[in-house]
Amino acid sequence: MNRYLISRAIYCLCILMLAFAPTARSQEKTDGVQQAEDKSKKPPVKDKEAEEEKAQADNATESLQKATQNPVASLISVPFQNNSNFGVSSGYRTQDVLNIQPVVPVGISKDWNLLIRWIVPIVWQPIPAPPPTPEIGKYGFGDMQPTFFVSPKKPGKLIWGVGPFFLIPTASSEFTGQGKFGLGPSVVLLTQPRHWTIGVLANNVWSVAGPRSRTNVNQLLVQWFVNYNLKKGWYLTAAPIATADWKASADNQWVVPLGGGAGRIMKLGFQPVNISVSFYGNAVHPSTGPSSSPWGMRIQIALLFPKFTKEMKEMLLEKQLKQLEQKQP
């Protein structure tokens, strides 16, 4: 009797297992499909980390783009800007001016920055000569032009700076400088909506000291600038510099260029740089003299020394640690 009950119990158990086996196999299959779908939806960890690093790098590049295009940003930079002015009369000569113009921000209080922009020109100036005389010119230092901008550390949508502009007679030749000490006001205004930077920088300088034999100085400079930032550090730029010499005759006072170019924020080794090339045609210019060039070319490379935020420092540290881990055997 006991043997019969045991055999019947085993028989019933087998029937139940056979009945539920297809359902279990179907559930396992469904669970497997669901897991596969979940895995397909979730990106691999490495891909996700790479996407995050790329997004962080793009944000850093965009921030650096806007900082380099802001004359009063809290960014140390050392631009080397070469301006070649073609067709200077007489003799259709070429004038060349290399401006070394470091920009250094200094915090003077909790709410205010002092931006020091110091221009040191190195000039090749053609000199007019009678036809039998070989073409000659002078090469040397020009007059230094420091500007001191006071600007709020946390500006609104309109970014601004204001301060004094100086003209210091440091020229190594009477042909490469004006020989007068001068000063005047300088102002910069700009805004940076989305991918744009739009602004203007202006100053006017009057001579207040210097040899009487040299012409007095009363000059205006206006530089308007428009930049449109693209991907991977590229940008389009237009930043012509219009000048007016109020001491010259009415027909020879203004130089008004039009044009633009392109540039890119990138790295040379470990050094961030800003490289750009622009071409300008002078719609208005004097008929004679050192400012009579009908068109010119500007090539610039600026060494950038950004101030990293806490988040950027942590990102760089994590990246360095990962590189060290990968190098270990």
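Compute log10 of I(q)/I(0) for segment 198-264 with the Debye formula, placing one identical point scatterer on every Cα and leaving out solvent, at q = 0.24 Å⁻¹, to two decimals.
-1.02
Test of understanding: express the Cα radius of gyration of segment 72-198 as a ratio to 2.2 N^0.38 Å, with N the residue count. All intermediate terms of the calculation are to be shown ahead of the outcome.
Values: Rg = 18.5 Å, N = 127, 2.2 N^0.38 = 13.9 Å.
Its radius of gyration relative to the 2.2 N^0.38 Å reference: 1.34.
Check each of the chymotrypsin sites (Phe, Trp or Tyr not before Pro) in segment 224-296 and keep only those in coil by DSSP with at most 14 other C-beta atoms within 10 angstrom; list them in order. Let's see the in-between values first.
Working: sites: Trp224, Phe225, Tyr228, Trp234, Tyr235, Trp246, Trp254, Phe270, Phe279, Tyr280, Trp295; in loops: Trp246, Phe270.
Sites meeting the loop and neighbour criteria: Trp246, Phe270.
Give me the accessible area per residue for segment 215-299, probe 1.4 Å, as a whole number in Å².
Details: 4490 Å² over 85 residues.
Result: 53 Å² of accessible area for each residue.
Within 10 Å, Cβ to Cβ, of Glu174, how many net charges do the neighbouring residues add up to if Lys/Arg are +1 and Asp/Glu are -1? Write down the numbers at each step before the final one.
Working: positive: Lys138, Arg214; negative: none.
Net local charge, Glu174 excluded: +2.
Probe radius 1.4 Å, ligands and nucleic acids left out: which of Asp251, Asp245 has the largest accessible area, and how do the rest follow? Spell out each step's value before the answer.
Details: Asp251 135, Asp245 55 Å².
Largest to smallest exposure gives the sequence Asp251, Asp245.
I want the local charge near Trp112. Using Cβ-Cβ distances under 12 Å, sum +1 for each Lys or Arg and -1 for each Asp or Glu among the other residues.
Working: positive: Lys110, Lys153, Lys154; negative: Asp111.
Summing Lys and Arg as +1 and Asp and Glu as -1 gives +2.
Taking just the alpha carbons, could you work out the radius of gyration and Dmax for segment 128-229, both in angstroms?
Every Cα atom of segment 128-229 included, Rg and Dmax give 18.4, 61 Å.
The values are calculated or read from the model by the stated rules, or taken from the named source; none is laboratory data. Since this is a predicted model, take the numbers as computed values, not measurements. Methodologically, a virtual Cβ is constructed for each residue, glycine included, from the backbone with ideal geometry; neighbour enumeration extends over all protein chains shown. The area values use the complete protein model at the heavy-atom level, side chains included, leaving out ligands, DNA and RNA. Shrake-Rupley method; radii C 1.70, N 1.55, O 1.52, S 1.80 Å.
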